[in-house]
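In what follows, a single structure is set out as structure tokens and then discussed.
The values are calculated or read from the model by the stated rules, or taken from the named source; none is laboratory data. Remember, it's a predicted structure, so these values are computed and weren't measured experimentally. As a convention, Cβ positions derive from the backbone with ideal geometry for all residues, glycine included, and neighbour counts pool all protein chains shown.
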2 protein chains.
Amino acid sequence: MNRPIGVIDSGVGGLTVARELMRQLPKEKLIYVGDTLRCPYGPRPKEEVIQFTREMVDFLLEKNIKMLVIACNTATAFTLEMLRNELDIPVVGVIQPGARAAIKTSQNQHIGVIGTEGTISSQAYPQALKHINPSIHVNDLACPRFVPLVEMGVLEGEDAYQVVAESLVPMKEQNHIDTLILGCTHYPLLSSTIQEVMGNDIKIISSGDETAREVSVLLEYYDTFSNGYHPPQHEFYATGDRALFENIANAWFDSPVEHIEIITLGT
Amino acid sequence: MNRPIGVIDSGVGGLTVARELMRQLPKEKLIYVGDTLRCPYGPRPKEEVIQFTREMVDFLLEKNIKMLVIACNTATAFTLEMLRNELDIPVVGVIQPGARAAIKTSQNQHIGVIGTEGTISSQAYPQALKHINPSIHVNDLACPRFVPLVEMGVLEGEDAYQVVAESLVPMKEQNHIDTLILGCTHYPLLSSTIQEVMGNDIKIISSGDETAREVSVLLEYYDTFSNGYHPPQHEFYATGDRALFENIANAWFDSPVEHIEIITLGT
């Protein structure tokens, strides 16, 4: 079934999820919408996040998508259940895949979660983890300095190390955890620095990688794998500055992003 | 939804899958059927495997299962698609989860698969891998000496090492692979020896662990997670010798298996 997969995010963070989708599912065409003009969603009231998310979804439904990936932790926390009830295509969020992978990986049932202040205060990860296994112990921590770091392109080196090390002090002190979930789609770009700070004994789970895998599961169960074999032509849409989006996309992907278009959502 | 999950296998190998299901999904009740009397299925004609598998499935449908896990590679290869078409509950096999995890894990797209002669000659793993990503290179190898080793309880030490090392020579010579799928539910019990032989650079994928994770995905998407919080009382049924089944089950699980019953399938 050669319909595209829709991917939505409040901005550029979801590009890490798109990158993993392309790597793990090279036959699938993606249409990405990043609401870069109104980013970040984290500090916005729930009703506004729902409204903005709906606008992105409506845009993608016009494109006849076969599946929707909410590549944004805040939007997942606020809209996943609602969209699952409303849409007749499968809807995948980033929170449950990360939770599930951590449950599989952890041997001692002590799991750490880092994310933005919005995601951490929503308690979406502890809820997802305990819904599957009530005995799991969760240590969560907001790391508000990580997203600015990533968007400035400071991913490795001394400056990155210092910010990451300072932020993760409370998590390091919880020396029980054996698994750490990167509960923000920006964080995988800092993963080597995070691994260095936390030490090699800690298994790092990237929600984006795991989300791509669950998309693969659902393509199988809904029997909607693409039949195409040619490299698909992905499409990227953003609501904010074109050059900014293009620069970040080209820096994060292996090859330059071709189809980028600026769109207007809402009124 | 507090209906049980059904797990079927030609014998005892599927107990490694059951063990992972219990670990990753501690609220879910399992009903396991092992056709130990007619094990192994590998050398049997396809029609017979289909017939025997149907008998196990009918037994489980009477128990009102909410999902079926085919914890046997041969039965997955021969019956997965048929059972998915016939049953109105989700059906999960062991092959696709292992394939999907390997695709996520491999960085160089060279993946090794080991299994019984039946599974390897069915080409089910290469097909599953290439269905998702046609560029994947697959090296597969039958290891007929591994199952007898596991059933004798020889899992580590010099004897195990020697058999595993001799068997894996052709795979080691393919020094391109960075990921190895254990394509037989017995093999996870040999995984530390296999890792030792292959070296620590090779990532080992256990189909059973990955299958448990995909069961979790489908419980979420079909909204059928158990609401129970008490330890579920699992049930185990076998068609062959009781003591043999009990000994192996008790050796492989952390705690003794309580409910074991011998049943007759077919006529």
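Do you know which of the residues in region A:6-36 that are aliphatic (A, V, I, L, M) and in a loop (DSSP other than H, G, I, E, B) is farthest from residue A:217 (Cα to Cα)?
Looking at residues that are aliphatic (A, V, I, L, M) and in a loop (DSSP other than H, G, I, E, B), I get A:12.
Answer yes if at least one residue in region B:224-241 is farther than 19 Å from residue B:65 by Cα, touching a helix residue (DSSP H, G or I) at 6+ places or on another chain (Cβ under 8 Å) and among the small types (Gly, Ala, Ser), and no otherwise. Steps first, please.
Just the residues of region B:224-241 that are farther than 19 Å from residue B:65 by Cα, to begin with: B:239-241.
Then keep just the ones that are touching a helix residue (DSSP H, G or I) at 6+ places or on another chain (Cβ under 8 Å); that gives none.
Among the residues of region B:224-241, not one is farther than 19 Å from residue B:65 by Cα, touching a helix residue (DSSP H, G or I) at 6+ places or on another chain (Cβ under 8 Å) and among the small types (Gly, Ala, Ser), which makes the answer no.
Go through (1) more than 17 Å from the chain's Cα centre (by Cα); (2) closer than 20 Å to residue B:72 by Cα and name the single condition residue B:215 misses.
The single condition residue B:215 does not satisfy is (1).
How many residues does region A:1-34 hold that are of a type in the set (D, E, K, R) and either under 22 Å from residue A:155 (Cβ atoms) or in contact with an Asp or Glu (Cβ under 7 Å, 6 or more places away or on another chain) (or both)?
Taking region A:1-34 and keeping what is of a type in the set (D, E, K, R), we get A:3, A:9, A:19-20, A:23, A:27-29.
Pick out the ones that are also either under 22 Å from residue A:155 (Cβ atoms) or in contact with an Asp or Glu (Cβ under 7 Å, 6 or more places away or on another chain) (or both) and you get A:9, A:19-20, A:23.
Matching residues across region A:1-34 total 4.
So is residue B:24 touching a helix residue (DSSP H, G or I) at 6+ places or on another chain (Cβ under 6 Å), farther than 19 Å from residue B:261 by Cβ and either of a type outside the set (S, T, N, Q) or touching a residue at least 40 places away in the same chain (Cβ under 8 Å) (or both) or not?
Numbers: touching a helix residue (DSSP H, G or I) at 6+ places or on another chain (Cβ under 6 Å): yes; farther than 19 Å from residue B:261 by Cβ: yes; either of a type outside the set (S, T, N, Q) or touching a residue at least 40 places away in the same chain (Cβ under 8 Å) (or both): yes.
Criteria met by residue B:24.
Of all the residues that make up region A:142-171, how many are of a type in the set (A, V, I, L, M, F, W, C), in a helix (DSSP H, G or I) and surrounded by 13 or more Cβ atoms within 10 Å (Cβ to Cβ)?
9
Taking only region B:58-81 into account, find how many residues are under 19 Å from residue B:185 (Cα atoms) and assigned to a helix (DSSP H, G or I).
Here the count works out to 8.
Just to be sure before I move on: is residue B:107 more than 10 Å from chain A (Cβ to nearest Cβ) and either acidic (Asp, Glu) or out of contact with any helix residue (DSSP H, G or I) (no Cβ under 6 Å at 6 or more places or on another chain) (or both) in the structure I sent?
No: the conditions fail for residue B:107.
If you check residue A:36 against the conditions, is it under 30 Å from residue A:164 (Cβ atoms) and more than 14 Å from chain B (Cβ to nearest Cβ)?
When the stated conditions are applied, residue A:36 passes them.
Output the residues belonging to region B:82-94 that are part of a helix (DSSP H, G or I) and either buried (at least 19 other Cβ atoms within 10 Å of the Cβ) or within 15 Å of the chain's Cα centre (by Cα) (or both).
B:83, the sole residue that qualifies.
Does residue A:215 fit the bill of being in the same structural domain as residue A:41 (by TED's automatic domain parsing), among the β-branched types (Val, Ile, Thr) and modelled with pLDDT under 90?
No.
Which one of these is within 30 Å of residue A:223 (Cβ to Cβ), of a type in the set (A, V, I, L, M), touching an Asp or Glu at 6+ places or on another chain (Cβ under 8 Å) and surrounded by 18 or more Cβ atoms within 10 Å (Cβ to Cβ): B:136, B:120? Show your work before the answer.
Working: B:136 fails: touching an Asp or Glu at 6+ places or on another chain (Cβ under 8 Å).
After ruling out the rest, the residue left standing is B:120.
What is the number of the single condition among (1) in the same structural domain as residue A:111 (by TED's automatic domain parsing); (2) free of Cβ contacts under 8 Å to residues at least 40 places away in the same chain that residue A:247 does not meet?
All conditions pass for residue A:247, except number (1).
Which of the residues belonging to region A:69-104 are over 25 Å from residue A:121 (Cβ atoms), within 14 Å of chain B (Cβ to nearest Cβ) and not β-branched (Val, Ile, Thr)?
A:87, A:88, A:90, A:104
Against the definition (more than 21 Å from residue B:142 (Cα to Cα), not in a helix (DSSP H, G or I) and not assigned by TED's automatic domain parsing to the domain that holds residue B:133), how does residue B:50 come out, yes or no? Walk me through it before giving the result.
Numbers: more than 21 Å from residue B:142 (Cα to Cα): yes; not in a helix (DSSP H, G or I): no; not assigned by TED's automatic domain parsing to the domain that holds residue B:133: yes.
Spelling it out, it is not the case that residue B:50 is more than 21 Å from residue B:142 (Cα to Cα), not in a helix (DSSP H, G or I) and not assigned by TED's automatic domain parsing to the domain that holds residue B:133.
Scan region B:4-40 for residues that are surrounded by 24 or more Cβ atoms within 10 Å (Cβ to Cβ) and of a type in the set (Ser, Thr, Tyr) and jot them down.
Across region B:4-40, the qualifying residues are B:10, B:16, B:32.
Looking at residue A:77 and the list (1) touching a Ser or Thr at 6+ places or on another chain (Cβ under 8 Å); (2) at pLDDT 95 or above; (3) of a type in the set (Gly, Ala, Ser), which single condition is not satisfied?
Among (1) touching a Ser or Thr at 6+ places or on another chain (Cβ under 8 Å); (2) at pLDDT 95 or above; (3) of a type in the set (Gly, Ala, Ser), residue A:77 violates only (2).
Tell me, please, whether a residue that is under 17 Å from the mean Cα position of the chain (by Cα), more than 14 Å from chain A (Cβ to nearest Cβ) and among the aromatic types (Phe, Trp, Tyr) can be found in region B:55-64.
Within region B:55-64 (the criterion being under 17 Å from the mean Cα position of the chain (by Cα), more than 14 Å from chain A (Cβ to nearest Cβ) and among the aromatic types (Phe, Trp, Tyr)), the answer is no, since none of the residues qualifies.
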